[in-house]
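**Student:** My questions will all concern the structure given below.
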Amino acid sequence: MKMLGRQLAAARRAAGLSQSGLSAELHIDEETLASIEQGRRPLKYNIAEMCDERLGAKGMLAAGVENMPEVDQFPLWAEEYMDQEKVAIALSWYDNAVIPGLLQSEAYARAVLQNRVPAYEEEELEQTLRLRLDRQEILRRKNPPTLSFVVWEPALLVKVGAEAVRKDQLRYLRETAELPCVSLQVLSLDSPFHAGLNGPFTLLETPDHQNLAYTESQRGSQLVSDLEEVSRLTRKYAMLRTQALTVQDSMGLLDRLLGEQ
């Protein structure tokens, strides 16, 4: 998506047009055109055709839309979130159904993706798996973000894949939780309180100290910048941390599940 945006911007400049000039000629909003060129909004086929004709691009942009690889066709909000995740200085992540993606072992991540309906084609699955694992590089970058995770206990117990996959995931989770930048807390099944019943979400702080939130559901994903909504989720996460086991007790729970104590 970003590559197509850069190609559009280059073609526009070569034709001697400003963003406002091209948007006026094509009768599209200037902000829409700017978002497309910045890779924040997908280039639609009909707009690509109009741009090709006006800029003399000889069908290049329309062909790019038609042949965009699957790995670049993530929902807009998910793509924007992943861009922000790469540079975040702090992440707070609550999950209740699976282990958070940044903490997944390769075998577990593969098993999660294999449960998708409709199923991924094999090549698409491998591309998506590699992207998920590549995101984990932020855990080991020179200046990693401050990472806080709250995971509901059922996510540790559900048998995604074979039992060996679950055990391997628990070991990987236990090891990753030892990283100095990571805080992991488990919300126990025994807890009578649960502030996260409405589903998983992530809080993110950008390098310029903007606070964002990201949510996913059956109907799609959403990057949230509204101050009131981010505040509500921030308060919910703070409550989840008070309801969850301490970091030390959470590690002890993992050790018991692994049969090491």
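The values are calculated or read from the model by the stated rules, or taken from the named source; none is laboratory data. Keep in mind the model is a prediction, meaning the values are calculated, not measured. Glycine also receives a Cβ, built like all others from the backbone with ideal geometry; neighbour counts cover every protein chain displayed.
**Student:** Listed residues VAL150, VAL158; which is over 17 Å from the mean Cα position of the chain (by Cα) and not acidic (Asp, Glu)?
**Tutor:** On the way: VAL150 fails: over 17 Å from the mean Cα position of the chain (by Cα).
That would be VAL158, the only listed residue that is over 17 Å from the mean Cα position of the chain (by Cα) and not acidic (Asp, Glu).
**Student:** Mind listing just one residue for me: the one in region 187-203 that is assigned to a loop (DSSP other than H, G, I, E, B) and under 20 Å from the mean Cα position of the chain (by Cα) and, of those, farthest from THR146 (Cα to Cα)?
**Tutor:** Taking region 187-203 as the starting set, the residues that turn out to be assigned to a loop (DSSP other than H, G, I, E, B) are 188-200.
With the extra rule that they be under 20 Å from the mean Cα position of the chain (by Cα), the set shrinks to 196, 198-200.
On the way: GLY196: 21, ASN198: 25, GLY199: 22, PRO200: 19 Å.
In this case the residue turns out to be ASN198.
**Student:** Determine whether TYR94 is at pLDDT 95 or above, aromatic (Phe, Trp, Tyr) and in contact with an Asp or Glu (Cβ under 9 Å, 6 or more places away or on another chain). Show your work before the answer.
**Tutor:** On the way: at pLDDT 95 or above: yes; aromatic (Phe, Trp, Tyr): yes; in contact with an Asp or Glu (Cβ under 9 Å, 6 or more places away or on another chain): no.
No; evaluated as a whole, the condition is false for this residue.
**Student:** Being surrounded by 13 or more Cβ atoms within 10 Å (Cβ to Cβ), closer than 11 Å to LEU55 by Cβ, of a type in the set (A, V, I, L, M) and in contact (Cβ under 8 Å) with a residue 40 or more places away in the chain is the filter here; which residues of region 1-26 pass it?
**Tutor:** Listed by number, the residues that qualify are LEU8, ALA11, ALA15.
**Student:** Moving on. Of the conditions (1) crowded, with 16+ Cβ neighbours inside 10 Å; (2) at pLDDT below 95, GLU122 clears all except one; give me its number.
**Tutor:** Result: GLU122 passes all but (1).
**Student:** Something else: Tally up the residues in region 240-256 that are under 16 Å from LEU197 (Cβ atoms) and surrounded by 15 or more Cβ atoms within 10 Å (Cβ to Cβ), please. I'd like the intermediate steps shown before the answer.
**Tutor:** Of all residues in region 240-256, those under 16 Å from LEU197 (Cβ atoms) come to 240-244.
From what is left, the residues that are surrounded by 15 or more Cβ atoms within 10 Å (Cβ to Cβ) are 240-241, 243-244.
Number of matching residues: 4.
**Student:** Just checking, which of TYR108, TYR172, TYR120 is closer than 25 Å to LEU203 by Cβ, in contact with a helix residue (DSSP H, G or I) (Cβ under 7 Å, 6 or more places away or on another chain) and either free of Cβ contacts under 8 Å to residues at least 24 places away in the same chain or assigned by TED's automatic domain parsing to the domain that holds LEU187 (or both)?
**Tutor:** Details: TYR172 fails: in contact with a helix residue (DSSP H, G or I) (Cβ under 7 Å, 6 or more places away or on another chain); TYR120 fails: closer than 25 Å to LEU203 by Cβ.
Result of the check over TYR108, TYR172, TYR120: TYR108.
**Student:** Restricting attention to region 140-156, which residues are in a helix (DSSP H, G or I) and at pLDDT below 95?
**Tutor:** First, the residues of region 140-156 that are in a helix (DSSP H, G or I): 140, 154-156.
Selection gives ARG140 alone.
**Student:** Going residue by residue through region 65-73, is there one that turns out to be touching a strand residue (DSSP E or B) at 6+ places or on another chain (Cβ under 8 Å) and farther than 27 Å from MET239 by Cα? Write out each step before concluding.
**Tutor:** So in region 65-73, the residues touching a strand residue (DSSP E or B) at 6+ places or on another chain (Cβ under 8 Å) come out as none.
Among the residues of region 65-73, not one is touching a strand residue (DSSP E or B) at 6+ places or on another chain (Cβ under 8 Å) and farther than 27 Å from MET239 by Cα, which makes the answer no.
**Student:** Test of understanding: among VAL160, VAL150, which residue is buried (at least 20 other Cβ atoms within 10 Å of the Cβ) and out of contact with any Gly (no Cβ under 8 Å at 6 or more places or on another chain)?
**Tutor:** Values: VAL150 fails: out of contact with any Gly (no Cβ under 8 Å at 6 or more places or on another chain).
The match here is VAL160.
**Student:** Let me ask another. Name the residue that is surrounded by the fewest Cβ atoms within 10 Å (Cβ to Cβ), counting only residues in region 204-230 that are within 17 Å of the chain's Cα centre (by Cα), among the charged types (D, E, K, R) and farther than 19 Å from PRO144 by Cβ.
**Tutor:** Top of the filtered list is ARG219.
**Student:** Could you check LEU184 against (1) hydrophobic (A, V, I, L, M, F, W, C); (2) closer than 29 Å to ARG110 by Cβ; (3) within 21 Å of the chain's Cα centre (by Cα); (4) loosely packed, with under 13 Cβ neighbours inside 10 Å and say which number it fails?
**Tutor:** Among (1) hydrophobic (A, V, I, L, M, F, W, C); (2) closer than 29 Å to ARG110 by Cβ; (3) within 21 Å of the chain's Cα centre (by Cα); (4) loosely packed, with under 13 Cβ neighbours inside 10 Å, LEU184 violates only (4).
**Student:** Okay, next question. Quick one: in region 49-63, which of the residues that are surrounded by 19 or more Cβ atoms within 10 Å (Cβ to Cβ) and out of contact with any Gly (no Cβ under 7 Å at 6 or more places or on another chain) is nearest to ALA14 (Cα to Cα)? Working first, answer last.
**Tutor:** Step one: filter region 49-63 for residues surrounded by 19 or more Cβ atoms within 10 Å (Cβ to Cβ), giving 51-52, 55, 57, 61-62.
Restricting the remaining residues to those that are out of contact with any Gly (no Cβ under 7 Å at 6 or more places or on another chain) gives 51, 55, 57, 61-62.
Values: CYS51: 12, LEU55: 8, ALA57: 10, LEU61: 14, ALA62: 18 Å.
The extreme case among them is LEU55.
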